[in-house]
Amino acid sequence: MSLLEVDAIDVAYGNVQVLWDVSLEVDEGETVALLGANGAGKTTTLKSICGDLTPMDGAIRYKGEDIGGLPHEEVVAKGVAHVPEGREVFTESTVRENLELGAYIDRSKMQERLQEVYDIFPRLEERKKQRAGTLSGGEQQMLAIGRGLMSDPDLLLLDEASLGLAPVLVDDVFEAIQRINDEGTTVLLVEQDIYNALRVADRGYVIKTGEIALSGTAQELARDERVEESYLGA
Ligand code: ATP
């Protein structure tokens with residue numbers, strides 16, 4: 001049984017359907033990349049998994065249990081964390097306060113979790129008393145990921161973690177993703193950066209205008225010209 005099974009979901013905004021029959025699986029311990037052009041449906045897929053959107057049809061199973069349509073908080077409580085696109089941090093709150101907000105489900109392990117996040121992102125510890133709005137873009141992205149980790153997830157959903165960052169920070173973010181996975185968290189990431197995504201991922205899926213067009217191991221996809229074409233041909 002896979003940790004996560006997205007089974008033939010159809011998803012719409014109002015009466016505009018944007019996902020058709022999307023299926024994917026993530027096994028425990030894997031890093032899986034969901035790739036595709038702007039507007040292909042990557043964010044919509046993640047939002048469906050984390051309870052922000054309810055599929056019209058199909059099922060989403062986490063540890064074998066159907067979670068499709070459950071409220072976001074309940075999905076988080078089951079062990080799924082979602083780091084949305086755009087590093088939404090509370091700019092007026094400190095780094096530490098932002099992290100503490102991520103542990104709202106279970107506050108008992110707060111110190112332990114904080115230390116684990118600081119181990120992965122030492123810069124957040126150095127800046128724990130600083131207001132989040134004064135962090136650089138890369139640091140805010142690290143904070144957003146750190147906040148996701150505070151709920152002690154088994155599955156981390158990352159939406160465009162590297163978007164808009166300077167190359168050196170992109171490397172830092174991918175290194176952190178690798179480390180988070182090495183320490184036992186399963187990762188499903190959405191990325192525009194095909195090269196880095198396939199470098200850290202075990203497997204990947206390519207979504208094209210709302211349908212899964214390709215899937216394979218990261219090595220297979222890295223060699224497949226159709227992956228790059230799917231970005232250009234949107
Ligand atoms: P990007 O990389 O640009 O974020 P994406 O692959 O994540 O792209 P989605 O954000 O999932 O794509 O969007 C898929 C489709 O759904 C697009 O055609 C988009 O215009 C549409 N869409 C997204 N959000 C809404 C919304 N709130 N209402 C209506 N349509 C939407």
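Around LEU35, with a cut-off of 13 angstrom between Cβ atoms, what is the net charge of the other residues, counting Lys and Arg +1 and Asp and Glu -1? That sum, taken over residues with Cβ under 13 Å, equals -3.
Sorting GLU100, GLU85, GLU229, GLU28 by solvent-accessible area of protein heavy atoms yields GLU28, GLU229, GLU85, GLU100, largest first, with a 1.4 Å probe. Each Lys and Arg Cβ is given +1 and each Asp and Glu Cβ -1; about its Cα centre, region 177-228 then shows a dipole of about 20 debye.
Under unit Cβ charges (Lys, Arg +1; Asp, Glu -1), what dipole magnitude, rounded to 20 debye, does region 1-116 have relative to its Cα centre?
In debye, rounded to 20, region 1-116 gives about 280.
In plain terms, the chain from GLU175 to ASP21 could stretch by 52.2 nm, reckoned as 0.36 nm per residue minus the Cα-Cα distance. Of the DSSP H helices in the chain, those that are both long (alpha-carbon extent of 20 Å or more along the helix axis) and hydrophobic (Kyte-Doolittle mean at least -0.5) are 167-182.
Got a sec? Which residues in region 117-152 would a label at PHE90 touch, if it sits 7 Å along Cα→Cβ and we count backbone N under 15 Å? Answer for this model: 129-134, 144, 147-148, 150-151.
Rounded to the nearest 500 deg cm²/dmol, what is the calculated helix-only ellipticity per residue at 222 nm for the chain, with -39500 (n - 2.57) per DSSP H run of length n ≥ 4? Write down the numbers at each step before the final one.
Details: 10 runs with 87 residues, N = 234.
Roughly -10500 deg cm²/dmol at 222 nm, from the helical runs in the chain.
Placing a label point 7 Å from the Cα of GLU112 along the Cα-to-Cβ direction, the residues of region 60-87 with a backbone N closer than 19 Å are 77-81. In straight-distance terms, cross-link reach from LYS78 covers every one of the lysines whose alpha-carbon lies under 21 Å from its own, apart from those fewer than eight places away in the same chain; here that gives LYS47, LYS63, LYS109. Over all distinct Cα-Cα pairs of the chain, the Kirkwood formula returns a hydrodynamic radius of 17.8 Å.
What shape does region 123-167 take by its C-alpha gyration tensor, where a ≥ b ≥ c are the square roots of the eigenvalues and a/c under 1.5 counts as rounded, a/b above b/c as prolate, and the rest as oblate? Cα axes put region 123-167 in the oblate bin.
Could you sort 210-219, 12-21 so that the peptide with the highest average Cβ count within 10 Å comes first and the rest follow in order? Mind dumping the intermediate values first?
Working: 210-219: 16.8, 12-21: 12.9.
Order by mean packing, descending: 210-219, 12-21.
For the pair THR209 and GLN130 in one chain, pulling the backbone fully straight at 0.36 nm per residue adds 24.3 nm over the alpha carbon distance.
Counting only residues at least eight positions apart within a chain, or on another chain, the aspartates and glutamates with an alpha carbon under 14 Å from that of LYS42 are ASP10, ASP21, ASP52, GLU85, ASP159, GLU160, GLU191, ASP193, GLU211.
Once you order the gyration tensor axes a ≥ b ≥ c over the Cα atoms, which shape class does region 98-199 get: rounded for a/c under 1.5, otherwise prolate or oblate by comparing a/b with b/c? It comes out oblate by the Cα gyration axes.
First check a/c for region 1-124, with a ≥ b ≥ c the square roots of the eigenvalues of its C-alpha gyration tensor; if it is under 1.5, answer rounded, and if not, answer prolate when a/b is larger than b/c or oblate otherwise. Prolate, because a/c is 1.5 or more and a/b exceeds b/c.
Put simply, the amide H of VAL187, placed in the peptide plane, has neighbours under 5 Å in GLU30, THR31, VAL32, LEU156, leaving out anything fewer than 5 places away on its chain.
The dipole here belongs to region 142-208: it is taken about the Cα centre, uses +1 on the Cβ of Lys and Arg and -1 on the Cβ of Asp and Glu, and is about 180 debye.
Less than 14 Å apart at the alpha-carbon level, and either on another chain or at least 8 residues along: which aspartates and glutamates does that give for LYS129? Of all the aspartates and glutamates, those that pass the test against LYS129 - Cα under 14 Å, at least 8 places apart if same chain - are GLU92, GLU97, GLU100, GLU139.
The values are calculated or read from the model by the stated rules, or taken from the named source; none is laboratory data. Because the structure is a prediction, the values reported are computed rather than measured. A quick note on method: Cβ atoms are made from the backbone with ideal geometry, for glycine too, and the neighbour counts reach across all protein chains shown. Calculation scope for accessible area: heavy atoms of the full protein, side chains included, ligands and nucleic acids excluded. Shrake-Rupley method; radii C 1.70, N 1.55, O 1.52, S 1.80 Å.
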